[in-house]
Number of protein chains: 2
Amino acid sequence: MTHEPARRGSHSLDPHLHRYAARATGMTASEVRALFAVASRPEVVSLAGGMPNLAALPLDSLSAEVGELIAAEGLTALQYGSAHGVPALREHICDVMALEGITGHPDDMVVTVGSQMALDLVTRIFCDPGDVVLAEGPSYVGALGTFASYQADVVHVAMDDQGLQPEALREALAATQRAGRRVKFLYTVPTFQNPAGVTLAVSRRAEVLDICAAAGVLVVEDNPYGLLGFDGQTYPALRSMDHENVIYLGSFSKTFASGLRVGWALAPHAVREKLVLAAESAALCAPTLNQLIVSRYLETHDWKGQIKSFQQTYRERRDAMLSALEQHMPAGCTWTRPDGGFFVWLTVPEGVDTKAMQPRAVTQRVAYVPGTGFYADGFGSRQMRLSFCYPTPERITEGVRRLAGVLADEIDLLATFGPTASRLMSGPQTPSPDTE
Amino acid sequence: MTHEPARRGSHSLDPHLHRYAARATGMTASEVRALFAVASRPEVVSLAGGMPNLAALPLDSLSAEVGELIAAEGLTALQYGSAHGVPALREHICDVMALEGITGHPDDMVVTVGSQMALDLVTRIFCDPGDVVLAEGPSYVGALGTFASYQADVVHVAMDDQGLQPEALREALAATQRAGRRVKFLYTVPTFQNPAGVTLAVSRRAEVLDICAAAGVLVVEDNPYGLLGFDGQTYPALRSMDHENVIYLGSFSKTFASGLRVGWALAPHAVREKLVLAAESAALCAPTLNQLIVSRYLETHDWKGQIKSFQQTYRERRDAMLSALEQHMPAGCTWTRPDGGFFVWLTVPEGVDTKAMQPRAVTQRVAYVPGTGFYADGFGSRQMRLSFCYPTPERITEGVRRLAGVLADEIDLLATFGPTASRLMSGPQTPSPDTE
C-alpha cells in the first residue's frame, strides 16, 4: 500500500526545507567532501585527515581480552549502563589525567561517545543562540561545527608560536563586553593544538586562567593530544591549575583507539550533574562494551608503554614532514614546528588561495585541508593544515614534495596572472569535520 | 600550583547557575533517582526498568566472533568511520526493516548511538524553541526529555486500546493551528507502545498518515519493539506506507544488545543529509567496532531465531504479569493487555496518587514508574508503568502480589483519610529516562 505524500513544498529540491529549525540552516553539505572522496584514493597522499595510526596496537592480545570480556561479563557489557559512565573506567581515567597534573574525582566525570560528544553536551547546556564562544584562531573544525549547530557565535583569539596571546584574549573579552554580548566560555586546545600544532606556553597558562576567571568566563580545555609529546614531555593541564572554572575534555581516540569512541568530561560538580542529564537525553549512555574494553585495557596492558610507542611513531613522521618542508617548500612559505600532536600549520605567500588551489593539488595527488575551515570568520585563505599522523614517513616526504610543486606552479601563475581567488570559483567554506 | 577560582556566584550551591543556556533550565536531577538506587537492591522486585533480558544471547559464539573481528579487522574496527555509518551494516538493516514491510535504501539511513541519538538529531534539525511536537499520551519518557532539552513543547494526543485516536489527532492539530503554533512532527511508537503497551490498529495507520500529510506535519516513527510480537506477528510500519513523510527510527537494543548502542534513522533523502551533518557535530561517528559487531552478527548468527527466542521469553513474562494482575489487583484497577513489547499500563482508582505512593511500594519491596513521567503536562497521577521484560516470571508474580497489597492498603487509607496526594509531599515530576 503506497501513500500519497504531502504536496507542500514538493517543487523544492528538499520538500522539508520550510520545516527545519533555525540551527539547521548552517548545516549544508561540505563542498570539499567530494574532494575528500577523491583524496582517499590510494594514489593520493592525504595530508588532510586526522586519523590516528593504529598499526602499533597489540591486536592479538586485544582480541583475546575482548573475547574473554564478552564471555565472562557479556550480560553487563551488552546491557544498558548509566549515563554517568562505568565507575571502574572513571577511576582509571583519573590515573590517566594525573599524568598531566590533574587531581579529579571519578564522580565529577561523565563518560561520552568521544570527546566530540562531551563538547556537544557542554555547548548544549551553556550556549543560547547568539552567545559568544571565544576560540583560538585557527580552531578545531569539529568544534566550530558544534558551536554553529547551537547558533553560538565564535570570536577568534590570535595565537603565536607560544599559543593563545593573553593580550588578544583581554581585547576580545573587552570588545565583546563593549558590544553587550554574553561570552559563555573560552574553548581552547592548549597543548599540541589542532590545527596549528603550537602549545600554550606554561608561563602563559596562569595568566589565561586569571583573565577568564576575572571576566567570569569558563574555560573549556580540550586535550586529546596532551600525552603525545614527542620527547615524552607533558605540560600542566589548565584543569590542574584551576578546578573550579575549567571543564576538561579528554579522549582515548589518540592514545588508544578512536573507533571505540570513548571520551570524557571532567567538570565542576554542579555542571557534571547537568552534563549527565544532557547525556541521558542525547544517547541514554555511552556503549557499555566500549567502556569495559578501555577499562580492561588500562588494567591489563602496558598503556603507558603503548603511548610511548605512539610518541615515537609520530615524532618520526613529524621529522619527515619538517625535513621535507625545509627541503622543498618555495620561498615565502612558513610553518609551525610542533613538539607533539598531529599537525603542522602552513602559511603560503600572499595571493595564493589554499582553498582555490586544492583541486589542483588533488590532481597532483596530494591533499590537505584549506585554512578557512578552521575559522568561523572567513580568515585562513593563506593557510592550510598538514597532518603527519597517518601516512608513513616516505609518503609524507613524497606528499610534501608534490605539494611544494603545486605551490611553486601557483606562485608562478600568480606572478603572471594575479591572485588565485579571481581565477577559480570559491564558495562558502564548510569543510567536513575530520577528527577530534 | 593552585589557582583562585572566580568569586562570582560562589555563594550559590551552583556557582555556574547564571551561565546556563535557557534549555538547561529544565534539566534538574530526578527526585526519583534516589528511589531507583533503592529499587535496584536485590530484595526489591523492580517492575520499573526497561532493560531487555539478554540471558538468551549466545555469549560464547559472540565472544569468538568479536575476538576474530578484532584480530582480522582491528585496524578498521578501532578506527574512526564516517558519520553516515558502516555501509555493510546499513545494507543489513534494510533486511531487518523488510520484516515490517519497509523498502529502504542504505543511502537514506544514518547509523546512530542507539535510536535515542537518532531522536536527538531529528529534534535538533527540526525544532526551534516553542515549536510543538505531538506525541501519544502517555509517551516514552526519554523522548519527552529530548524534546524538553530543545525547548519544544509537547501536546499529547489521546490513545485507546487501538492506539492513537485519529479524531484526537485532528483536534490537536486544529487546536495548535488555531493558537498560531508550529507543529513540527508527530512522535509516535505505533507498535507495542512504551509505556502504554498498546498498538496502533492497522485500520488506523493510513488515516493517521493522511491526517499528518494533509496538515504538512512529519511523522517520526519510533519502533524499537516492532519485532517483539508475542505470536511472531508483525504490523506494517508507518514507513512502509509512506516513504516521503515518515522518519523511521530503529534500534538493535531490544532485538540484539542494548549495550552496543546501535540504532538508526531512515529518512527522506534531503533530511538524511542533514542528519549526517548533525551526527558529525554530535559525536563524529557511531563506534565502528559496534557497527561491525552488529553487521557480523546479522551475517553469521540466526538472528531471526534469536528474535523468536526473545518473543517467547517476553510472552511468558507478559503472561505471568497478566495472570498475577488478574489474581491480585484490587477492584477499580484496570490495565492494558499487550501482545508484544515490554510494558503494561496500569490505572488505579481515583484518589490514589501513584507518585506519592511510590516510596511505600519500595518499602514493600516492589518498584514501578509513576505515570506522570510519561506526560509533559502533569497528567498520569493515577497511572503507572509496569515492565515485565527483566524479572523472571516468578519475580513478576511476586512483585505484582506485593504491589496489589500496597494498593489495597492505599485504597483503605483513602477511604479513611482522603487522597494520597494531600498526605504526602509530591514535587515536580521528572523521572530519569530509562530505556528507549
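The values are calculated or read from the model by the stated rules, or taken from the named source; none is laboratory data. None of the values given here were measured: they were computed from a predicted structure. Counting neighbours? That spans all protein chains shown, and the Cβs are built from the backbone with ideal geometry, glycine included.
Report yes if some residue within region A:310-327 is assigned to a loop (DSSP other than H, G, I, E, B), touching a Phe, Trp or Tyr at 6+ places or on another chain (Cβ under 6 Å) and in the same structural domain as A:ASP412 (by the TED database); otherwise report no. The answer is no, given that none of the residues of region A:310-327 is assigned to a loop (DSSP other than H, G, I, E, B), touching a Phe, Trp or Tyr at 6+ places or on another chain (Cβ under 6 Å) and in the same structural domain as A:ASP412 (by the TED database).
If you filter region A:156-177 down to residues that are buried (at least 17 other Cβ atoms within 10 Å of the Cβ) and free of Cβ contacts under 8 Å to residues at least 40 places away in the same chain, you find that the one that is nearest to A:TRP345 (Cα to Cα) is A:MET159. Within region B:72-95, being more than 9 Å from chain A (Cβ to nearest Cβ), buried (at least 22 other Cβ atoms within 10 Å of the Cβ) and not in a loop (DSSP other than H, G, I, E, B) holds for B:LEU89, B:ARG90, B:ILE93. Exactly one residue among A:LEU413, A:LEU407, A:LEU403, A:LEU386 is within 18 Å of A:TYR314 (Cβ to Cβ) and either outside the structural domain of A:LEU144 (by the TED database) or without any contact (Cβ under 8 Å) to a residue 60 or more places away in the chain (or both), and that residue is A:LEU386. For A:THR191, are the conditions met, namely being buried (at least 24 other Cβ atoms within 10 Å of the Cβ), modelled with pLDDT of 95 or more and more than 12 Å from chain B (Cβ to nearest Cβ)? So A:THR191 passes the test. Only residues that are in a helix (DSSP H, G or I) and touching a Cys at 6+ places or on another chain (Cβ under 8 Å) were counted in region A:137-168, giving 1. Checked against (1) crowded, with 20+ Cβ neighbours inside 10 Å; (2) in a loop (DSSP other than H, G, I, E, B), A:GLY180 passes all but a single condition, namely (1). The set of residues from region B:50-67 being within 7 Å of another protein chain (Cβ to nearest Cβ) and assigned to a helix (DSSP H, G or I) comprises B:LEU59, B:ASP60, B:LEU62, B:SER63, B:ALA64, B:VAL66, B:GLY67. One residue alone among A:SER63, A:SER82, A:SER46 is touching an Asp or Glu at 6+ places or on another chain (Cβ under 8 Å) and hydroxyl-bearing (Ser, Thr, Tyr), and that residue is A:SER63.
Pull up region A:246-270, narrow it to residues that are part of a loop (DSSP other than H, G, I, E, B) and touching a residue at least 60 places away in the same chain (Cβ under 8 Å), then point me to the one that is surrounded by the fewest Cβ atoms within 10 Å (Cβ to Cβ). It comes out as A:PRO268.
Filtered by the rule that a residue be out of contact with any Cys (no Cβ under 9 Å at 6 or more places or on another chain), assigned to a strand (DSSP E or B) and under 19 Å from B:HIS269 (Cα atoms), region B:102-136 gives B:VAL110, B:THR112. Checking the condition crowded, with 19+ Cβ neighbours inside 10 Å and either in a strand (DSSP E or B) or in contact with a Cys (Cβ under 8 Å, 6 or more places away or on another chain) (or both), which residue from A:LEU386, A:LEU403 passes? Of the residues listed, the single one that is crowded, with 19+ Cβ neighbours inside 10 Å and either in a strand (DSSP E or B) or in contact with a Cys (Cβ under 8 Å, 6 or more places away or on another chain) (or both) is A:LEU386. Within region A:271-300, can you find the residues that are outside any loop (DSSP other than H, G, I, E, B), facing another protein chain (nearest Cβ under 7 Å) and among the aliphatic types (A, V, I, L, M)? Passing the criteria: A:VAL271, A:LEU277, A:ALA278, A:ALA282, A:ALA283, A:LEU289.
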